[in-house]
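Here, each number is a calculation from the coordinates, and none is a lab measurement. Given the structure is predicted, the values throughout are model-derived calculations rather than measurements. Because the Cβ atoms are built from the backbone with ideal geometry, glycine has one as well, and the counts that use them run over all protein chains shown.
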Amino acid sequence: MPHDPSDPTRRIEPHFETEAPVSGGIAARALAARQQAMQNAPYLEGLNPEQRAAVETLEGPVLVLAGAGTGKTRVLTTRIAHILTENRAFPGQILAVTFTNKAAREMKERIGHLIGGNVEGMPWLGTFHSICVKILRRHAELVGLKSSFTILDTDDQLRLMKQVIQAEGLDEKRWTARAFASIIDGWKNRALTPDQLPEGEARGFGNGKGRKLYEEYQDRLSVLNAADFGDLLLHTITLFRKHPDILADYQRRFRYMLVDEYQDTNIAQYLWLRLLAQGNPNICCVGDDDQSIYGWRGAEVDNILRFEHDFKGAVVIRLERNYRSTSHILAAASHLIAHNEGRLGKTLFTDLADPDAERVQVANVWDSEEEARSIGEEIEALQAKGHRLNDMAILVRASFQMREFEDRFVTLGLNYRVIGGPRFYERMEIRDAMAYLRCVAQPADDLAFERIVNTPKRGLGEATLKIVHALARAERIPLTEAASRLCQTEELKPKARTSLKGLLSDFDRWRGQLETLPPGELAEIILDESGYTEMWRQDRSAEAPGRLDNLKELSHSIGEFESIAGFLEHVSLVMDRDGGPGDDAISLMTLHSAKGLEFDTVFLPGWEEGLFPHQRALDESGRAGLEEERRLAYVGITRAKRRAKIWFASNRRIHGLWQSTVPSRFLEELPEDQVEIVEQGSGYGGYGGGGFGSYGPSRFDNRDPFRSSYSTPGWQRAQKARAEAGSSGRSSGSGFAGRATLSERGRREGPKTIEGELVAKSVSDAPSQFSTGERVFHMKFGYGHIATIEGNKLTIDFDKAGRKRVLDSFVERP
DNA sequence: TCATTGTGGGTTTTT
DNA sequence: CCCACAATGA
């Protein structure tokens, strides 16, 4: 631990040596410290009594049940500040675990603010995984790895599993690598090593070969000196179990333990925590059982439900005072979540009286298209009243729902931002580039080698690779090693041999530059000399320029690291997405990725049976699945600070087929008093209007006279036709608001907008007047080049705004 | 080695 | 319906 006197954290360190004070006058000392803290601990000010209790109850197990918006992070960070200020422990004696890097970063930052200094001295604040890596690097040999082990990403895992499945001679279609990956994941989430698998489960996969495959996979990992994400926890648990001395060491070290988002822990994480807490009961878990939405990836709500049972003498503190939302929103959310049985029970409340507060709104639309249109109108109306797009979000259940909104926003010229989705480090070109770097920095990295050996094409196809593989496996040596041996022999075709030789000597040359060149520069050299950048420059496809940009960005960010190795370590654990708030834009994301965020206005579309709650959750997990879906709804509503607006459509296209839908049961579970049923301003004619305004057993029933009795495909087609006729008809009748906004922007005259929409529907395959590559101008997005054309829909790479899909009627030649 | 056709699957995602 | 991926043929 650093003891630099200039280090600002220095002044918060205790006066004692390595052991924290546990005995001898502790009571007196604690009292004195507390009194001092009460007097001059600004960080305690403004905490409500429950928060304060959560901060000050330092000894023994504590469960803080922190409802949405009740100041959970504040409690966690203040608690750490409190431990430090009261001299209960060194920074290095506090273990604080989070799930995401983002959460860890935020905590570090906020602690820094609280105690006024940096928190470099908190080495054990991080994600479960990063802390495990830290531990494993020290004791790697004890779990069959070398300290330099690499961490595989999902892509590498899949390829490895595929090899294992092939090696066992199984049918790859019947037993896919993907399925195997999720099964192994499940095993690792429950901390099951191959020998611990229950017989039934072991037989369930791969014609009864499950255990064998798992063993093989683990074996391959260890030969590669690699670990997957699950291994990081699993190996640490194994380490702790097999080496009580090492465990005792960590138990002694961690005087205080804090866990964020405890409701998201899986069994392995729970066991990991329990092992550490056995030596020292000062564990504080913070979480909200009502926000447990990750059961499908191994999270055990039971962990939080059973806390008092698992940690004897636990104190449970409930944070129910909400600082985020209006009372209407809280009432709606509370009412809904009260329908869950498996919960510890909390009721959120707020003291903030807000006479202008809007009730939660529920609106019905004919189909998803009208849903998008109507939400678009609401957004524009709010915008006109001075609300910023940054303060609004659309939260969907499934990502396919996003497309309709994107299309709509593009037509409206409304700035939007999709949160989530494929991340920077998951893009193909970035993975390829990183594979090159891995080959150079880690010569034994077979997976990286395989990935790029023939990218760009250099005549090293399957045939060559097979030979290299055979030798590598026979000799148990890395592929690069096998390749270089083969270059000495006549086994390969001359062409392949020359090419392979060239690649290997490139690797050697770059390795020689590892020490001398700055990492960013070297990365660029590697990508250039390997021909990788050239490959994309030659590529005429629309994505190529973007990929080149990404590569540039990559070598730029490598420049910020000490070494390439340091960069790789960072990336394998910190798969952060880039991009901050940026311009004013509405956020579009799934309910899952909205957890932890908040917005003034939240739009919640798609509340229909089958979609939300999702049919598959019901089918696969029954009541537990339904409850998790309900928690997801709860998360969605509680994201809203001032306005929550829920939509459900009467018809939705599912797998290409139009289906009439039933309103979500969650709508019935909202409290009548806080909810307002809205007739869409966009005019909603006769459809379903009959059921509105009057509450009853099924207040959201559309009363469509046809729905219940007709469900043949032919009838559905007829309904669809009717919907389309209806929608354009409605547009002319009541779509004036939308059109006015458009023409105010000076884009098009009103009628043309409608024409545009009609055109979009009816003659979408008419040839466009534009051609690919042409430079065009768009009112909202500026200049750009046409990437692709489908009918009258253009995909354009804008200079500033990036790639967008727009209707051709909105662009013109410059 | 590449382009085309066929097939299957379609919820949520972090490390 | 639409996308991604795998097998197939030139």
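Tell me, what ³J(HN,Hα) does each residue in the range A:215-223 have, in order and in whole Hz, if you take phi through Karplus 6.51 cos²θ - 1.76 cosθ + 1.60 with θ = phi - 60° and put x for Gly and Pro?
With the stated coefficients, the range A:215-223 comes to 4, 4, 4, 5, 5, 4, 4, 6, 4 Hz.
How long is the gain from A:Arg473 to A:Arg623 if the chain were fully straight, where each residue apart is worth 0.36 nm and the alpha carbon distance is subtracted?
49.2 nm
Compute the distribution of all C-alpha to C-alpha distances in the range A:202-243, in bins of 5 Å from 0, and list the percent of pairs in each, rounded to whole numbers.
6, 21, 19, 23, 20, 8, 2, 0
Could you pull the Cα extents of the range A:182-302 along its three principal axes, largest to smallest, in whole Å?
46, 38, 24
Residues with amide H under 5 Å of A:Asp367's amide H, sequence separation 5 or more or different chain, H placed in the peptide plane at 1.01 Å from N; which?
Excluding prolines and chain starts, which carry no amide H, the hits are A:Ser650, A:Asn651.
Can you give the local net charge around A:Ala54? Use residues other than it whose beta-carbon is closer than 10 angstrom to its beta-carbon, Lys and Arg +1, Asp and Glu -1.
Details: positive: A:Arg52, A:Lys72, A:Arg74, A:Arg79, A:Arg318; negative: A:Glu50, A:Glu56.
Once all neighbours under 10 Å are counted, the net charge is +3.
Using only Cα positions of the range A:265-316, each an equal point scatterer, no hydration layer, compute I(q)/I(0) via Debye at q = 0.15, 0.20 Å⁻¹ and quote the log10 values to two decimals.
Calculated log10 I(q)/I(0) at the listed q: -0.40, -0.71.
Rg/Rh for the range A:366-466: what does it come to with C-alpha atoms and Rh from Kirkwood?
My calculation puts Rg/Rh at 1.27.
If you stretched the chain out fully between A:Asp356 and A:Ala384, how much longer would it get, using 0.36 nm times the residue separation minus the C-alpha to C-alpha distance?
Length gained, A:Asp356 through A:Ala384: 8.2 nm.
Can you check what the Kirkwood hydrodynamic radius comes to for the range A:413-496, Cα pairs only, in Å to one decimal?
Over the range A:413-496, the inverse of the mean reciprocal pair distance is 14.7 Å.
Can you compute the label reach from A:Thr100? Point 7 Å from Cα along the Cβ direction, backbone N cut-off under 11 Å, restricted to the range A:543-577.
Taking a point 7 Å out along Cα→Cβ of A:Thr100, the residues of the range A:543-577 whose backbone N falls under 11 Å are A:576-577.
Taking θ = phi - 60°, what integer Hz values does the Karplus form 6.51 cos²θ - 1.76 cosθ + 1.60 yield along the range A:505-510, in sequence order, with x for Gly and Pro?
Along the range A:505-510, the couplings run 6, 4, 3, 4, 4, 5 Hz.
Checking the table A:Lys209/A:Lys242; A:Lys312/A:Lys595; A:Lys466/A:Lys493; A:Lys108/A:Lys552; A:Lys146/A:Lys457; A:Lys501/A:Lys552 against a 23 Å threshold on Cα-Cα, which pairs fail?
A:Lys209/A:Lys242; A:Lys312/A:Lys595; A:Lys108/A:Lys552; A:Lys146/A:Lys457; A:Lys501/A:Lys552
What does the charge count around A:Ile467 come to, taking other residues whose C-beta lies under 12 Å from its C-beta (Lys +1, Arg +1, Asp -1, Glu -1)?
Once positives and negatives cancel, what remains is +2.
Would you please give the FRET efficiency between A:Lys495 and A:Glu515, computed as 1/(1 + (r/R0)^6) with r the Cβ-Cβ distance and R0 = 30 Å, to the nearest 0.05?
It comes to 0.35.
If I model a spin label as a point 7 Å beyond the Cα along the Cα-Cβ vector, how far apart are those points for A:Asp245 and A:Val315 in nm?
Distance between label points: 3.7 nm.
Where the Cα atoms of the range A:151-224 are projected onto their three principal axes, how long is each span, largest first, in whole Å?
27, 27, 19
Ratio of alpha-carbon Rg to the 2.2 N^0.38 Å globular estimate for the range A:495-635, to two decimals, please.
Here the answer is 1.62, to two decimals.
In a shell of Cβ-Cβ distance under 14 Å around A:Glu199, excluding A:Glu199 itself, what net charge do Lys and Arg (+1) and Asp and Glu (-1) give?
+2
Run the simple label-point estimate for A:Ala167 and A:Ser182 please: 7 Å along Cα→C-beta, distance reported in nm.
2.5
Amide H to amide H, which residues 5 or more places from A:Ile317 or on other chains are under 5 Å from it, using H placed in the peptide plane?
Close amide H contacts, sequence-distant or interchain: A:Leu63, A:Val64, A:Leu65.
Can you pull a Stokes-Einstein diffusion coefficient for the range A:271-347 at 37 °C (0.692 mPa s), Rh from Kirkwood over Cα pairs, as a whole number of µm²/s?
In µm²/s, the coefficient rounds to 227.
For A:Glu199 and A:Arg220, what does the FRET efficiency come to when R0 = 22 Å and r is the distance between their Cβ atoms, rounded to the nearest 0.05?
For A:Glu199 and A:Arg220, the calculated efficiency is 0.40.
D for the range A:511-573, whole µm²/s, Stokes-Einstein with Kirkwood Rh over alpha-carbon pairs at 37 °C and 0.692 mPa s: what number? Let's see the in-between values first.
Working: Rh = 12.4 Å.
So the translational diffusion coefficient is about 265 µm²/s.
Quickly work out the A:Trp296-to-A:Asp508 label distance, labels modelled 7 Å from Cα along the C-beta direction, and quote it in nm with one decimal.
In this crude spin-label approximation the distance works out to 5.1 nm.
Compute the projected area of the convex hull of the Cα atoms of the range A:327-425, averaged over all viewing directions, and report it in nm² to one decimal place. Mind dumping the intermediate values first?
Numbers: hull surface 39.3 nm².
Computed as one quarter of the Cα hull surface, the answer is 9.8 nm².
What translational diffusion coefficient, in µm²/s and rounded to a whole number, does the Stokes-Einstein relation yield for the range A:427-560 at 37 °C and a viscosity of 0.692 mPa s, taking the hydrodynamic radius as the Kirkwood radius over Cα pairs?
Answer, rounded: 214 µm²/s.
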